[in-house]
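This report refers to the structure that appears directly beneath it.
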Amino acid sequence: MEATQNDRTADVKFNRLKLIVCVFLPALLFWLAWEPMPFTPLVFIAFVPFFYLAEWGRSTSKGKNFGVLFLALMLWNISTTWWVWFASDVGAIAMLILNSMLMYLPFGLSRWLQRKKWFIWDAKWLFIALWLLYEYGHHRWDLSWPWLTLGNAFSGMPWYVQWYEITGTLGGTALILSVNVLVYHALMNDQSNAKRSWIMRFRLPIGIVSVFGLLSVLLGQLASDFVYQKKSKLKQPYRVVAIQPNYDPYDEKFVLDPMQMVRDMAKTSDSAGPADCILWPETSLVGNIDVGSPAQDMQVSYLMHHWLKNGPADNAAGDSSLNHSRAAGPPSMLIGSNMIHWYSWMGKGKPDVAARQSSNLEYWYTLHNSALWIQPELSIHPIGSDPFKHERLRGSMATGDIQFYHKSKLVPGTEQLPFVTVLPFLERLAISLDENSASGTLGKNATAKALGVSNSKVAPIICYESIYGDYVSEYVKDGASWLAVITNDAWWNNTPGHKQHFSYAKLRAIEQRKWVVRSANTGISGFIDPLGNTTMRSGWYQGRDERSAEVALNKHLDDGFFSAGESGSKRSYEWNILGIKYGNKLEDNSLGATKITQVGTQLALSQTIYLNQYRTVYNRLGDGKILAILVLSMLFLSWYNRKQKQF
């Protein structure tokens, strides 16, 4: 009798220990699997402890079930996104609590169904369908926070998910959860698996992971022509310069003289040599530019004059190593900017949900976080009587084509106040701001909009928008042939946040089979090819102190070789791709060579990319149709394996 009591006590202690381990283990596994940690394959087992907790919760009270699972989910959120604290402590706490509660919904609904006598379907496949619905919905409401979408975990190994050009991240989520439930099933069926080796027990999940790996290799080989388009008849080289100004957003970016910052960034852009397009990061032009007359703004006018006077024809003479594709004509520019829309309104209420009333009560205004596309026009006049001889016009008037796009996917709390359209009283919680502020509820575009002309249109993806694969597809549908991400990641300091943000852009490149160029004020700037490989990147370098950027550059130029030369305050790094990844060198190495220049504390990264107007299966289907296919597949498996109610 005493021995039996001791055995029961030992069993209780063992089960309690197992419960505690399962609460803390997912946070550890996801931390190791998520960028910037290198153990991505751990995602294939990271959900197994959650399934144990869910099974334990079936036989306990609703409160205990919620408490244990919520704690485990909260620890997962903390371990991977704790860095949000540096941007906003209150916002971080609210985000962690809310996101953990939302993640519990699929578990809670699955538990409710399992406790019903009429429920006979297999719960593990039904849970996957519920989780996919949760992720899809979480991308599409005012408190959207898709950072921890399970499919994002593969940003650490893009070579494995070349099939994202078909499924997007929803396919990655479905694969991760499917493998996890199969692993859990193999672990829990002790009686049938007791006499089998571990290879036989886990042969199904191992086989599925291997098949998707082989599929990825095959699709990667088929898509390799998008990188440099050597075999393509539509070979369209396009040289892009992306700068990284390294202004501290707290102490410098919105404090220093705007025109002086523009002059400094223009000088940095000049150092990179000729280009088809020059890319500046989010909110590079900090003075609000009037939507109605952007060309009259002092900063915009200066830039158009600057490149009309100092275009590629002048730069080419000083950089003969580059046989540039645009022999004449100024480059186009894609620049992050604050913009303002003024209008009069004498009606009742607000003219728009994002509108604010000026000190002059007759006028209202809306602020925008925008991307400006500027193409200065090269005015020429003949020399003498020969109409074919001309010189650059250096007059006082500058003209050009100006287009703009307003950021649409706004950050909850800092860029939009959630639910004000249905709960207007929440507007009283908003901070009172003046015309010079770019925070608070901002105006936005109704849809994604590609900027530019002809076959060189660009997707102006502003910061947070790069997390939304389906939204990025809309830019390509509007004609974008390459993707530009302009951002400012310094709000989180030197933490995993900016590394994860850069890494997610690799998934966008695969989904659309487009080159991605990233310009960050501070964070990581770089180039990503259509296979999701990083061809060049900067390192973290914040603020205008005297830390050498050379350390950051040396650290990341590990896939090729570079030569360095120094002249005054300007350092130039030219990095030639060795051809290890793609089999051989470029046909024209002078065009393909990457180049990094440093002027003061600013960086300019340049490389030739190749444009295409191809639309992938994912782009054509979209998340809605892919979700329907995946959910129906999971429901079929749940029905097919009915009466197996346990996880």
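Being at pLDDT 85 or above, crowded, with 19+ Cβ neighbours inside 10 Å, assigned by TED's automatic domain parsing to the domain that holds residue 519 and in contact with a Lys or Arg (Cβ under 6 Å, 6 or more places away or on another chain), is that true of even one residue in the stretch 447-455? Checked against the condition, which is being at pLDDT 85 or above, crowded, with 19+ Cβ neighbours inside 10 Å, assigned by TED's automatic domain parsing to the domain that holds residue 519 and in contact with a Lys or Arg (Cβ under 6 Å, 6 or more places away or on another chain), the stretch 447-455 yields at least one hit.
Assess whether residue 121 counts as being touching a Lys or Arg at 6+ places or on another chain (Cβ under 9 Å) and in contact (Cβ under 8 Å) with a residue 12 or more places away in the chain. Yes; evaluated as a whole, the condition is true for this residue.
The set of residues from the stretch 44-85 being under 20 Å from the mean Cα position of the chain (by Cα) and buried (at least 20 other Cβ atoms within 10 Å of the Cβ) comprises 77, 80, 81, 84. A residue that is in contact (Cβ under 8 Å) with a residue 60 or more places away in the chain, among the basic types (Lys, Arg) and in the same structural domain as residue 371 (by TED's automatic domain parsing) cannot be found anywhere in the stretch 212-234. Take the stretch 222-272 and flag every residue that is surrounded by fewer than 17 Cβ atoms within 10 Å (Cβ to Cβ), among the hydrophobic types (A, V, I, L, M, F, W, C) and in a helix (DSSP H, G or I). Listed by number, the residues that qualify are 222, 259. List, please: which pairs have Cβ atoms under 6 Å, are six or more places apart or on different chains, and start with a residue in the stretch 47-58 that is more than 15 Å from residue 182 (Cα to Cα) and end with one that is of a type in the set (Val, Ile, Thr)? Correct list of pairs: 53/68.
Results for (1) under 22 Å from residue 500 (Cα atoms); (2) outside any loop (DSSP other than H, G, I, E, B); (3) at pLDDT 95 or above, shown as yes or no for each residue.
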position	(1), (2), (3)
120	no, no, no
125	no, yes, no
129	no, yes, yes
132	yes, yes, yes
151	yes, yes, yes
154	yes, yes, yes
159	yes, yes, yes
166	no, yes, yes
170	yes, yes, yes
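Could you grab me the full set of residues in the stretch 16-70 that are charged (D, E, K, R) and either assigned to a helix (DSSP H, G or I) or within 28 Å of residue 116 (Cα to Cα) (or both)? If the condition is that a residue be charged (D, E, K, R) and either assigned to a helix (DSSP H, G or I) or within 28 Å of residue 116 (Cα to Cα) (or both), then 16, 18, 55, 58, 62, 64 are the ones that fit.
Return yes when residue 27 is buried (at least 21 other Cβ atoms within 10 Å of the Cβ) and either in contact with an Asp or Glu (Cβ under 6 Å, 6 or more places away or on another chain) or in contact (Cβ under 8 Å) with a residue 60 or more places away in the chain (or both) and no when it is not. So residue 27 does not fit the description; no. Would you check which residues across the stretch 313-354 are surrounded by 18 or more Cβ atoms within 10 Å (Cβ to Cβ) and modelled with pLDDT of 80 or more and list them? 330, 331, 332, 333, 334, 335, 336, 337, 338, 339, 340, 341 - these are the residues of the stretch 313-354 that are surrounded by 18 or more Cβ atoms within 10 Å (Cβ to Cβ) and modelled with pLDDT of 80 or more. Quick one: is residue 183 closer than 24 Å to residue 36 by Cβ, out of contact with any Cys (no Cβ under 6 Å at 6 or more places or on another chain) and assigned by TED's automatic domain parsing to the domain that holds residue 34? Answer is no for this residue. Figure legend. Inter-residue proximity from the stretch 162-174: first residues in the same structural domain as residue 134 (by TED's automatic domain parsing) and of a type in the set (Val, Ile, Thr), second residues surrounded by 24 or more Cβ atoms within 10 Å (Cβ to Cβ) and not in a helix (DSSP H, G or I), beta-carbon distance below 9 Å, spacing 6+ or different chains. Indicated pairs: 167/161; 169/161. Looking at (1) under 28 Å from residue 458 (Cβ atoms); (2) at pLDDT 90 or above; (3) buried (at least 17 other Cβ atoms within 10 Å of the Cβ), can you tell me which one residue 205 breaks? Condition not satisfied by residue 205: (1).
If I ask for residues that are more than 19 Å from residue 474 (Cβ to Cβ) and either outside any strand (DSSP E or B) or hydrophobic (A, V, I, L, M, F, W, C) (or both), which ones from the stretch 401-410 would you list? Matches in the stretch 401-410: 402 only. For the stretch 366-380, the criterion of being exposed (fewer than 14 other Cβ atoms within 10 Å of the Cβ), farther than 29 Å from residue 239 by Cβ, at pLDDT below 80 and assigned by TED's automatic domain parsing to the domain that holds residue 488 is met by no residue.
Restricting attention to the stretch 576-619 and to residues that are surrounded by fewer than 22 Cβ atoms within 10 Å (Cβ to Cβ) and of a type in the set (Phe, Trp, Tyr), the residue that is modelled with the highest pLDDT turns out to be 614.
The values are calculated or read from the model by the stated rules, or taken from the named source; none is laboratory data. Keep in mind the model is a prediction, meaning the values are calculated, not measured. All Cβ positions, glycine included, derive from the backbone under ideal geometry; neighbour counts span all protein chains shown.
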